[in-house]
Amino acid sequence: MTDSGPEKGGVTDPAVHAAAAKAIELISDGALVGLGSGRAVSVFIAKLGELQRDGEHVRVTCVCASRASTLEARRVGLSVVELGEVGALDLAIDGADEVAPNLDVLKGRGGALVRERIVAAAAKSMVIVVGHDKLVHALGERGPVPLEVIPMAQALVMRKVEALGLAPRLRVDESRSRPFITDNGNVIVDCTLANRIEVESAAPDLERALLDIAGVVDTGLFLGMADRVIVGRADGEVDERSRGARRIAR
């Protein structure tokens, strides 16, 4: 069998490693750091653990958005506490499934979107770490918008989503025989758009319409939340974009 090389967006992707390494530079001693979930965050957690082990005299306290991130952080020796034990976080580090030119992002294909939003909302700054492959011209370009839904409301939500012109699909777990269940005990409904969100004002309109459906806990549309996006490339180069920058080079 031949080696197909590092998986784009995966834990071996050099673009993700480059972005995570750049994000590590934002960490100072004593920082309260929110950790999202997903592959990019896994890479960042590993590098943050290395920073502490290498005698850099940097000690941080972390709040994690998922059980998986909590386990990873503790495994590399990071101090993990609950959000209620600390005040405002200094920054939150997370990945994204899609990043639009205005730095709006689409998240939740890993299923932790509600807790990721809570951690981001508690932070003074939200930093997104991605490989170049996550950049899109418009949200919804490469996949559906995830919704976290209370199980009782699943059928109702799917009918309402269809009425909005989207195609809903219940996410299943790895066995493909049962629904995927979030850390909150809810299900995920993935909503495919008829067209990607070309007009910037359409994203908040869609978000409001989805949140108005009874039983929808949250959406994967993270609009106006990312303060900085760190974009890694396969050659190790890194681009940074901050809120207010209107273009991301492709």
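Any idea what angle helix 39-53 forms with the longest principal axis of the chain, computed on alpha-carbon atoms, 0 to 90 degrees, nearest 10? The helix 39-53 is inclined about 20 degrees to the chain.
On the principal axes of its alpha-carbon atoms, the range 131-210 has extents of 35, 32, 20 Å, going from largest to smallest.
For the chain, averaging the sequence separation of C-alpha pairs within contact (under 8 Å, six or more residues apart) and dividing by the residue count gives a relative contact order of 23 percent.
Going by a ≥ b ≥ c, the root eigenvalues of the Cα gyration tensor, does the range 46-88 fall in the rounded group (a/c under 1.5), the prolate group (a/b larger than b/c) or the oblate group?
oblate
If a/c stays under 1.5 just call it rounded; otherwise compare a/b with b/c (prolate if a/b is bigger, oblate if not). Do that for the range 79-212, with a ≥ b ≥ c from the square roots of the Cα gyration tensor eigenvalues. Judged from the Cα gyration tensor, the range 79-212 comes out oblate (a/c at least 1.5, b/c at or above a/b).
Exposure proxy shown here: for 57, 132, 137, 17, the number of other Cβ atoms within 10 Å sets the order, fewest to most, as 57, 137, 17, 132.
Straight-line cross-link partners of residue 47 among the lysines, defined as a Cα under 23 Å from its Cα and at least 8 positions apart when in the same chain: 8, 22, 107, 124, 134.
All of the numbers you see were taken from the coordinates with simple rules; none came from a lab. Please read these numbers as outputs of a predicted model, since none were measured by experiment. Ideal geometry is used to build each Cβ from the backbone, glycine not excepted, and the neighbour counts take in all protein chains shown.
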